[in-house]
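Derivation of every value follows stated rules applied to the coordinates shown; laboratory data play no part. Note that the coordinates shown come from a computational prediction; the quantities given were computed from them, not determined experimentally. Because the Cβ atoms are built from the backbone with ideal geometry, glycine has one as well, and the counts that use them run over all protein chains shown.
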Amino acid sequence: MTATVVLDFEPPKLAVVIAQDTFTRELLEVSGELVVQVPPRRLADLTWTVGSTSGSDVDKFDAFSIATSPASKVGAPLIDGCLAWLEAKVVPQPALAKDYDLFLVEVVAAWADDAVWQHGAFVFPSDELRSLHHQSKGHFFVTGAAVDAKRLG
Ligand SMILES: Cc1cc2nc3c(=O)[nH]c(=O)nc-3n(C[C@H](O)[C@H](O)[C@H](O)COP(=O)(O)O)c2cc1C
């Protein structure tokens, strides 16, 4: 569950912000690895629940019956039912982490569900499979209609 910005494509890098008081931060600092997962609308309740509960207090996988599959290049698991998964390793930048809770990570493997990723692009065959984007306090948006732009002139 992360605020994530794409920084680069070759090699692919992301910037993620992980607050200091989270269990995720503890795990990330020890392992140097994480998985960015893209949940669909049908996982809205689970996304909100795990995003507002700490792994310091409860084993979320057990408490919320979260099924997972092993990742290929990192130790963190892939959550079943998500639309896409980015396995990533931290590119150490201690000052950014200390001052801004910001981590640069390099994507080492990427996966997407064939139901929503076809010919190199996302398609959403049903509303329940549309990707979920958090606004605030459990209020989410889902991805809307696709738009194909034409070059002007
Ligand atoms: C949709 C959603 C997105 C979130 N994104 C982030 C994030 O990018 N960075 C962060 O530090 N916390 C984020 N949070 C808050 C953490 O999920 C929350 O602090 C959680 O309790 C941390 O769990 P942990 O202690 O097991 O890591 C998000 C919460 C939600 C619901």
Next item on the list: List every residue pair whose Cβ atoms lie under 7 Å apart, where the two residues are 6 or more positions apart in sequence or sit on different chains, the first residue falls within the stretch 17-33 and is closer than 14 Å to Ser52 by Cβ and in contact (Cβ under 8 Å) with a residue 12 or more places away in the chain, and the second residue, located anywhere, is among the β-branched types (Val, Ile, Thr) and near the ligand (Cβ under 7 Å from one of its atoms).
Entry: Thr24/Ile18
Notebook entry, point to check: Would you pick out the residues in the stretch 61-96 that are closer than 15 Å to Gly32 by Cα, in contact (Cβ under 8 Å) with a residue 12 or more places away in the chain and not in a loop (DSSP other than H, G, I, E, B)?
Noted result: Leu86, Glu87, Ala88, Lys89, Val90, Val91
Next item on the list: Report yes if some residue within the stretch 97-111 is surrounded by 10 or more Cβ atoms within 10 Å (Cβ to Cβ), basic (Lys, Arg) and under 18 Å from Thr4 (Cα atoms); otherwise report no.
Entry: yes
Notebook entry, point to check: Among the residues of the stretch 43-64, how many are in contact with a Ser or Thr (Cβ under 9 Å, 6 or more places away or on another chain) and surrounded by 14 or more Cβ atoms within 10 Å (Cβ to Cβ)?
Noted result: 3
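Taking Ser131 as the residue in question, decide whether it is small (Gly, Ala, Ser) and in contact with a Pro (Cβ under 8 Å, 6 or more places away or on another chain).
Values: small (Gly, Ala, Ser): yes; in contact with a Pro (Cβ under 8 Å, 6 or more places away or on another chain): yes.
It is true that Ser131 is small (Gly, Ala, Ser) and in contact with a Pro (Cβ under 8 Å, 6 or more places away or on another chain).
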Next item on the list: Test Val142 against the stated conditions and say whether it is under 16 Å from the mean Cα position of the chain (by Cα), over 20 Å from Val17 (Cα atoms) and surrounded by 10 or more Cβ atoms within 10 Å (Cβ to Cβ).
Entry: yes
Next item on the list: Please give the strands (runs of 3 or more DSSP E) falling wholly within the stretch 99-153 in which 2 or more residues are in contact (Cβ under 8 Å) with a residue 24 or more places away in the chain, of a type outside the set (Val, Ile, Thr) and within 30 Å of Glu26 (Cβ to Cβ).
Entry: 102-112, 132-136
Check: Residue check: is Asp8 exposed (fewer than 15 other Cβ atoms within 10 Å of the Cβ), in a strand (DSSP E or B), of a type outside the set (Gly, Ala, Ser) and over 15 Å from the mean Cα position of the chain (by Cα)?
Finding: yes
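Listed here are the residues, each with its yes/no results for (1) among the aromatic types (Phe, Trp, Tyr); (2) within 8 Å of the ligand (Cβ to nearest atom).
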| position | (1), (2) |
| --- | --- |
| Val6 | no, no |
| Ala15 | no, no |
| Ala19 | no, yes |
| Thr24 | no, yes |
| Glu29 | no, no |
| Trp48 | yes, yes |
